[in-house]
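> Handing you a structure now.
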Amino acid sequence: MLIGKVVGTVIATRKEEELEGLRFLLVRGLDLEGKPTSTLVVAADAIGAGIGEVVLYASGSSARQTKVTKDRPVDATIMAIVDEIEVGGKLKYVKE
C-alpha cells in the first residue's frame, strides 16, 4: 500500500458501465515527512474519504480486492483513512 493525500475529485459522467457508482478522488503521494511526491493518481474511493485526508491506497491488481472494486477495471483504490503515522518511535502524522 501507498500513502497519499486526497487533493481533489474527478467527475466522469460518461464512463464504462463497470465504473458506474464509483466515486473517484485525486490522490497525491506523500513521503514519510508528509511532503508531496510527484505521484498523482485517480483512485476509486472504497471507504468514503474526503479532500484533505491522508489515506492508504493500493494500485495494480490489489486495487480490485475490495468489495466495492471487485472485478472492476480500476488501477488504484483508497482502502483506509490514516489516523497516525509513527516512524522510529516518533509521530510523523496525527489526524486532526
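> Considering each of ILE78, ILE47 in turn, give the residue that is part of a loop (DSSP other than H, G, I, E, B) and surrounded by 10 or more Cβ atoms within 10 Å (Cβ to Cβ).
Details: ILE78 fails: part of a loop (DSSP other than H, G, I, E, B).
Going through ILE78, ILE47 in turn, the sole match is ILE47.
> Have a look at THR39, THR9, THR66 and point out the one that is polar (S, T, N, Q), out of contact with any Leu (no Cβ under 9 Å at 6 or more places or on another chain) and either assigned to a loop (DSSP other than H, G, I, E, B) or surrounded by 11 or more Cβ atoms within 10 Å (Cβ to Cβ) (or both). First the steps, then the outcome.
Working: THR39 fails: out of contact with any Leu (no Cβ under 9 Å at 6 or more places or on another chain); THR9 fails: out of contact with any Leu (no Cβ under 9 Å at 6 or more places or on another chain).
Exactly one of THR39, THR9, THR66 is polar (S, T, N, Q), out of contact with any Leu (no Cβ under 9 Å at 6 or more places or on another chain) and either assigned to a loop (DSSP other than H, G, I, E, B) or surrounded by 11 or more Cβ atoms within 10 Å (Cβ to Cβ) (or both), namely THR66.
> Can you tell me which condition SER61 does not meet? The list is (1) part of a loop (DSSP other than H, G, I, E, B); (2) over 13 Å from GLY4 (Cβ atoms); (3) out of contact with any Ser or Thr (no Cβ under 8 Å at 6 or more places or on another chain), and all the others hold.
Every condition holds for SER61 apart from (1).
> Return the residues of the range 32-74 that are at positive phi and under 12 Å from the mean Cα position of the chain (by Cα); say none if nothing qualifies. Before the answer, list the steps.
Pass one, the range 32-74, residues at positive phi: 34, 48, 52, 60, 71.
Selection gives GLY48, GLY52.
> Among the residues of the range 57-75, is there at least one that is among the aliphatic types (A, V, I, L, M), free of Cβ contacts under 8 Å to residues at least 60 places away in the same chain, out of contact with any Phe, Trp or Tyr (no Cβ under 9 Å at 6 or more places or on another chain) and under 14 Å from GLY34 (Cα atoms)?
Within the range 57-75, none of the residues are among the aliphatic types (A, V, I, L, M), free of Cβ contacts under 8 Å to residues at least 60 places away in the same chain, out of contact with any Phe, Trp or Tyr (no Cβ under 9 Å at 6 or more places or on another chain) and under 14 Å from GLY34 (Cα atoms).
Each reported figure results from applying straightforward, stated rules to the coordinates on display, with no laboratory input. Since the structure is predicted, the reported quantities are computational estimates derived from the model, not experimental observations. So basically every Cβ, Gly included, is an ideal-geometry build from the backbone, and we count neighbours across all protein chains shown.
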